[in-house]
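A quick write-up on the structure given underneath.
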Amino acid sequence: MSTLEVSNLNDGTTTVATTYITNGSAKAWANFTGISTTALRDSLNVSSLTDGGTGDTTVTFSSAMNNANYTGSWYNNAGNYTTHGAFSNHYTGGFASRTTTSYGVFAYQASNAIDAFHNDTTIFGDLA
């Protein structure tokens, strides 16, 4: 295997340090459904999902993170709807426990756990 080592990339107009690209790129992302069977639609660096019950999903990385202090975002529509009409301010959720190999997400509608049809999550940090 060959290794290409460069400190900057240039598109003919702008030069960007490669550290900006490697440090600023998402290290994992997933698009999945939690309705009926929790299943990935597409992903990067995600090996599996574990359904922990209504609204509760654990996302497991293919390649571990360097530590559990990574950051990310998670969106869900918190309803079993397939259209954008399901958006509402009373849908909420958040990250649960984070480890170097997985993290959890949990969806609520008002004060009740709910499975969400649309779940999008992205993780930023350093890979191990």
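Read-outs: derived from the displayed coordinates by stated rules, not from any lab. Quick caveat, the model's predicted, so the values are computed rather than measured. Positions of Cβ are backbone-derived with ideal geometry, glycine not excepted, and every protein chain shown enters the neighbour counts.
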Residue among TYR75, TYR103, TYR20 with the largest mean-square fluctuation in a Gaussian network model of the chain, springs linking Cα atoms under 10 Å: TYR20
Dimensionless Rg ratio for the chain, taking C-alpha atoms and the 2.2 N^0.38 Å reference: 1.24
Ranked THR19, THR122, criterion: other C-beta atoms within 10 Å, fewest first: THR19, THR122
Value of [θ]222 nm, deg cm²/dmol, for the chain, DSSP H segments ≥ 4, -39500 (n - 2.57) each, nearest 500: -1500 deg cm²/dmol
